Amino acid sequence: MDFHGLDLNLLAALDALMSERNVTRAAARVGVSQPAMSAALSRLRKVFGDQLFIRSANGLLPTQRARDLAEPVSQALRQIEAAVVSKPEFVASEVSLTLTLGLSDYPAHVLLPTLLQALGKQAPGVSLSVHAFTGRDLAVDLLDAGTIDAAIGVPPTQQESRILTKTILTDEFVTLVRRDHPTARHGMNMKAFLALPHVLVSPEGDRHGHVDQALARLGKQRTLALTLPHMFAAPSVVAQTNMTTTVLKRVALNSPARRKLVLFPPPVALPTVAYDLIWHRRNDTHPAQQWFRELIAAVAASL
């Protein structure tokens, strides 16, 4: 393949197609007509000897060759842009834009309200669009597709060079019973723990969580009475039943049922849980998104 004379606009088209997964939106992104973008895609296919994008009901699906090209092309374009374009200073209080944030259940309840307060004070012209996700690796898909600017969730299972992460929140587990339950008076030991029916929180629908793994290492097993996909529903269930649940401490403290509950350290050793700020490398140096990530990290540090 001869790179001499390669039109830089073709690489910009490839970057736009990778982000938008749609010819019309990609054309609007780079300021050309839809036929011009279609022609660019045809030229890209000839240059790289690959289909690059396959049409589907969900838009353009990138081939593996397109995925391999996406990150180095995006990085190269950002470097060129930084070198030749003089960008005005970013002033949060003066901008008007919409930022998109992917959130799992925990940060949506624990961090989002305080983040919105900070946005209102520092950048009243910035609006926030939130996308929910459950599976920990779905954040990567949303970032790859350009659907979100950043995400907050448990770290992805696979480390990818194009995906950057920073731990901003950690939490520990607590075990809950309702305040007028006999266990609340007598204390939570292993015998009492195993005698109670348990609520398991599992966004993915598994029936084997951190507690079950820890108990299995001790040759013990608990009785599961209920599996829930939403962690913030569990304290309210426990407050009105004879069940117990083991959840992250901030989940219990932020529950409307907090006053009806007693919190105990779990009678089995459990790991702390980390929540990461996650973003795509192509957005790493963007002034607005750098500011947004710094604000998120500062809000998380204040909790």
**Q.** P(r) histogram, all alpha-carbon pairs of region 8-84 included - 5 Å bins from 0, percent
**A.** 3, 17, 29, 27, 17, 5, 1, 0
Q) By counting other Cβ atoms within 10 Å of each Cβ, how are ILE278, ILE163 ranked from fewest to most? A) ILE163, ILE278
Q) Based on the Cβ-Cβ distance from LEU226 to ALA195, what FRET efficiency comes out when R0 is 22 Å, to the nearest 0.05? A) 0.85
**Q.** Which of LYS191, LYS249 has the fewest Cβ neighbours within 10 Å, and the rest in rising order
**A.** LYS191, LYS249
Q) In terms of modelled amide H atoms, which long-range or inter-chain residues lie less than 5 Å from the amide H of THR245? A) LEU176, VAL199
Q: Calculate one ³J(HN,Hα) per residue across region 147-152 by plugging θ = phi - 60° into the Karplus curve 6.51 cos²θ - 1.76 cosθ + 1.60, and present them in order as whole Hz with x for glycine and proline.
A: 6, 10, 8, 7, 9, 10
Q: Express in whole angstrom the spacing between the alpha-carbon centres of region 249-294 and region 147-182.
A: 5 Å
(Q) Test of understanding: what is the full-extension gain from LEU10 to ARG179, defined as 0.36 nm times their sequence separation minus their Cα-Cα distance? (A) 54.3 nm
Q: Mind giving me the FRET efficiency for SER33 and ILE54? R0 is 22 Å, r the Cβ-Cβ distance, nearest 0.05 is fine.
A: 0.45
Q | Positive dipole terminus of the chain, leading residue within ALA40, GLN289, MET190 (C-beta point charges) | A | MET190
Q) What Kirkwood radius, in Å to one decimal, follows from the Cα pairs of region 173-271? A) 13.2 Å
Q | Residue-by-residue Karplus 3J(HN,Hα) for region 242-257, coefficients 6.51, -1.76, 1.60, Hz, glycine and proline x | A | 8, 7, 10, 8, 10, 9, 5, 4, 5, 5, 5, 5, 8, 7, x, 8
Q: Show the residues, 5+ positions off or on another chain, whose built amide H is closer than 5 Å to the amide H of PHE133.
A: LEU103, SER104
Q) What net charge is computed for the residues neighbouring GLN51, neighbours being all others with C-beta under 9 Å from the C-beta of GLN51, Lys and Arg scored +1, Asp and Glu -1? A) +1
Q: Would you kindly state how much longer the chain becomes between LEU61 and VAL95 on full extension, computed as 0.36 nm times their sequence separation minus their alpha carbon distance, in nm to one decimal?
A: 8.9 nm
Q) Which distance in Å, rounded to a whole number, links the C-alpha centroids of region 185-211 and region 17-47? A) 53 Å
Q: State, to one decimal in nm, how far the label point of LEU112 lies from the label point of GLN213, with both points 7 Å from Cα in the Cβ direction.
A: 2.7 nm
**Q.** Förster radius 30 Å - calculated FRET efficiency between GLU160 and ARG258 (Cβ-Cβ, nearest 0.05)
**A.** 0.20
Q.
Nearest 5 percent is fine: what portion of the DSSP beta bridges confined to region 173-271 is antiparallel?
A. 55 percent
Q) Given the options ASP50, ASP171, ASP144, which has the most mean-square fluctuation in a GNM of the chain, springs set between C-alpha atoms less than 10 angstrom apart? A) ASP50
Q.
For a quick check: with amide H placed at 1.01 Å from N, whose amide H comes under 5 Å from ASN254's, ignoring anything fewer than 5 positions away on the same chain?
A. none
Q | Residue exposure sequence - LEU218, LEU295, LEU116 - by fewest surrounding Cβ within 10 Å | A | LEU218, LEU116, LEU295
Q) What residue among VAL154, VAL47, VAL110 shows peak mean-square fluctuation when the chain is described by a Gaussian network model with Cα springs under 10 Å? A) VAL47
Q: List, in order, the whole-Hz ³J(HN,Hα) value for each residue of region 177-187 obtained from phi through the Karplus relation with A = 6.51, B = -1.76, C = 1.60 and θ = phi - 60°; use x for Gly and Pro.
A: 9, 5, 4, 9, 7, x, 4, 5, 8, 8, x
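Every number here is computed from the coordinates shown, using simple stated rules; none is lab data. None of the values given here were measured: they were computed from a predicted structure. Using ideal geometry, Cβ is built from the backbone for each residue, glycine included, and neighbour counts are taken over all protein chains shown.
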